[in-house]
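Okay, structure first, notes after.
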Amino acid sequence: MSEAVTQPVPGAPEEKAAGPWREAWTGFRKSKAALFGAAIVLMFVVLAFVGPLIAPEGINEQDMSKRLMAPSAEHWFGTDDFGRDILSRVIHGARISLWVGFFSVIGSVIVGSLLGIIAGYYGRWVDTIISRLFDIMLAFPSILLAIAIVSVLGPSLQNALIAIAVINVPNFGRLIRSKVLSIKQDEYITAAKAIGMKDSRILFSHILPNSMAPVIVQGTLAVATAILEAAALGFLGLGAQAPAPEWGKMLSDARNYLRDAPWTMIFPGLAIMLTVLGFNLMGDGLRDALDPKMKS
Amino acid sequence: MKEPLLKVEGLKKHFPVRKGALGRVKGHVKAVDGVSFEVLPGETLGIVGESGCGKSTTGRLLMRLLEPSGGKVTFDGRELTALGGDEMRKVRRDIQMVFQDPYASLNPRHTIGKILEEPLLVHGMKDPKERKRKVREFLEIVGLSGYHSSRYPHQFSGGQRQRIGIARALMTNPKLIIADEPVSALDVSIQSQVLNLMQDLQREFGLTYIFISHDLSVVRHISDRVAVMYLGRIVEIAESDRLYEMPLHPYTQALLSAVPVPDPGFVREQIVLEGDIPSPADPPPGCPFHSRCPFRMDICKSKVPLLTEQETGHSVACHLYTEEARGDDNKKLVTEGSL
């Protein structure tokens, strides 16, 4: 093994073979907007991890003498109607929003990929059943479906996460299915069959890795949507419950003070906007880097 | 007389044509319609024909990459068409395939090492060191180097990739290799390199080839025997030199007259066929070639000619050579046509 690596090549020094993922990274690095997006996302991820350590106060330290105070040196983002420090709550909220965003998307990707790959590869009636199921789910406005699911399961953050995961399954399922349909026509799949490979190995070693690029792009963009949906459910009182510092819930609590204390709404709103912007910019950059059609 | 390695009898593939909302079957595309031939161990059988004549489909049917609609394939004494899925997968270690497009037949996300290792892994070679050793060995056999195994397909040229495709087919020590247009995507200068490599490998490993191509000169160069296909049927099969020097079927004659000759002074009567190749969904009744044949007779419109042996090893499916039509003195016509 080491023999192959150390073997001297006359005239051509052995370069580290650049794999497809490595090339995508090179492409991604060229886009300033994508890097900016990635930086925002990274910032919020770091906040989610170390937030409790750097936040000036806890999530529920009430001080009724400091209700609805405007932003100041002491409270950078002001205080809310219970006198809680909004900066601290926004920082704590990053963990909730990202948690919901990531895990709901991971759930949708896993279930959607599995269904999509089965539908695309086996075709016929399997495909018909799965595709019609997706169609039925897509026939509902997604937030309505999410509300229905949460109503059945009962309002809580965890159930909101499940609902968001469920409503996004058909998007990923259809994406994967169409990708699998095109990949299974490729000659290297025929070649794999000709070698005598089993279906399961073809699916997971050849088709799945080759259909992942659009899923990564869609997944990044979907995290943004999921955060928005979680906020929407929180706003409607169907997501995180008080006193959890979920951004959407904070917006909802703040709406009574919009006129007198706009900061109670502006800062959680800004946090949502920035996170979503970050994921969208990063997703766009990833799409440009991973889309083979953009390559020369 | 050697036992044939591969025996194909009446192989058929009919693709259903579905129409309407309910997907009812409204007829069939007869891509392969009753093909029979034998391949002897160590020989190269060339299959030529226009695009759409069913030659690639035939190759895929032999490996059961497509399920045949009818007929029998016997390989090395075993009837492939009767095997279950798992048994068939195991037989595939003895029959391998080289594909047309060297850009599409290698997984772009796998390194060359991984691509070549896979056949070994699938057929149960557990020791990773032994696999790596074999990968390096075969890379060198096909004219590449061991260190290429850590690279990705896009870092190679078309000719190099086709060498990798050939190496992959060789990994399991197969007896039969089905090469489906292996050089038609390559530059002419590279074509000859790859063809010579294939011939060297045939000598070295005692391989048997089925060589599918539309390029008559390539097929002549590499084949011992050649089968000519038209609309899903074999119309003529003979030893390569004999077929090229004395073609019997009017279609073969027309095909061969279209091969360019590298001599500007050479004048030859070119047989230009009228019309297009008919749709295999709706082939003409009788002889499939009669709609374009310059020598058509009444019997051609109603009766399908069978592949019959005219001389040793030279069979043709044409009424010009059958008993019923012999009396009509048509043979003379053909001999004139073949000049």
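Read-outs: derived from the displayed coordinates by stated rules, not from any lab. Computed from a prediction, not measured in an experiment: that's the story for all the values here. Neighbour counts run over all protein chains shown; Cβ positions are idealised from the backbone, glycine included.
Whole-Hz Karplus ³J(HN,Hα) for the stretch B:29-37, in order, using 6.51 cos²θ - 1.76 cosθ + 1.60 and θ = phi - 60°, x for Gly and Pro?
8, 8, 5, 10, 10, x, 9, 10, 6
Name the residues whose placed amide hydrogens come within less than 5 Å of the amide hydrogen of B:Ile178, ignoring near sequence neighbours (fewer than 5 apart) on the same chain.
B:Gln96, B:Met97, B:Val98, B:Ile210
Any lysines with Cα under 21 Å of the B:Lys19 Cα? List them, leaving off those in the same chain fewer than 8 positions away.
The reachable lysines, counting only those whose Cα sits under 21 Å from B:Lys19, are B:Lys30.
For A:Phe82, what is the net charge nearby, where nearby means another residue's Cβ is under 12 Å from its Cβ and Lys, Arg count +1, Asp, Glu -1?
Charge balance in the 12 Å sphere: -3.
Under a Cβ-Cβ cut-off of 10 Å, what is the net charge of the residues other than A:Ala242 that fall near it, where Lys and Arg count +1 and Asp and Glu count -1?
It works out to a net charge of -1.
What chymotrypsin sites (Phe, Trp or Tyr not before Pro) does the stretch B:213-302 have in DSSP loop regions with at most 11 other beta carbons within 10 Å?
Of the chymotrypsin sites (Phe, Trp or Tyr not before Pro), the ones in loops of the stretch B:213-302 whose Cβ has at most 11 other Cβ atoms within 10 Å are B:Phe266.
I'd like the distance separating the alpha-carbon centroids of the stretch A:225-271 and the stretch B:88-140, in whole Å.
Cα centres, the stretch A:225-271 to the stretch B:88-140: 56 Å.
State whether chain A is rounded, prolate or oblate according to the following rule on the C-alpha gyration tensor (a ≥ b ≥ c being the square roots of its eigenvalues): a/c under 1.5 gives rounded; otherwise a/b larger than b/c gives prolate, and the remaining case gives oblate.
oblate
Which whole number gives the average count of other chain Cβ atoms within 10 Å of the Cβ atoms across peptide B:101-107?
Rounded to a whole number, the mean comes out at 5.
Scanning chain A for GluC sites (Glu not before Pro) in DSSP loops with at most 14 other Cβ atoms within 10 Å, what's the longest stretch left with none?
Here the longest segment lacking exposed loop sites spans A:75-296.
For A:Ile195, B:Ile47, which order do you get if you count the other beta carbons within 10 Å of each Cβ and list the fewest first?
A:Ile195, B:Ile47
Straight distance only, please: which lysines reach the Cα of B:Lys175 with their own Cα at less than 16 Å, same-chain residues fewer than 8 apart left out?
Answer for B:Lys175, where 16 Å is the Cα cut-off: B:Lys2, B:Lys7, B:Lys90, listed by chain and number.
If I model a spin label at A:Leu133 and B:Phe205 as a point 7 Å from the Cα along the Cα→Cβ vector, what separation in nanometres do I get?
Those two pseudo-labels are separated by 4.3 nm.
For A:Asn256, what charge total do you get from the other residues with a beta carbon under 13 Å from its beta carbon, if Lys and Arg give +1 and Asp and Glu give -1?
-1
Can you give the calculated 222 nm mean residue ellipticity of the protein assembly as shown, where each DSSP H run of n ≥ 4 adds -39,500 (n - 2.57) and the sum is split over every residue, rounded to the nearest 500 deg cm²/dmol?
When only DSSP H runs of four or more count, the value is -15500 deg cm²/dmol.
With a point put 7 Å past each Cα toward its Cβ, work out how far A:Leu153 is from B:Lys2 in nm, to one decimal.
Placing both labels 7 Å beyond Cα along the Cβ direction yields 6.7 nm.
Helix B:112-122 against the longest principal axis of chain B: what's the angle in degrees, Cα atoms only, rounded to the nearest 10?
In chain B, helix B:112-122 runs at an angle near 80 degrees to the longest axis.
Lone cysteines in chain B, going by a 4.7 Å Cβ-Cβ cut-off?
B:Cys53, B:Cys293, B:Cys318 - these cysteines have no disulfide-compatible partner (Cβ-Cβ under 4.7 Å) in chain B.
Just tell me, in residue order, which DSSP H segments of chain A are both 18 angstrom or longer along the helix axis (alpha-carbon based) and at least -0.5 in mean Kyte-Doolittle hydropathy.
The answer, listed by residue number, is A:32-54, A:86-122, A:124-139, A:157-183, A:212-235, A:263-290.
Can you tell me the orientation of helix B:128-141 relative to chain B, as the angle in degrees between its alpha-carbon axis and the longest Cα principal axis, to the nearest 10?
Roughly 50 degrees, rounded to the nearest 10.
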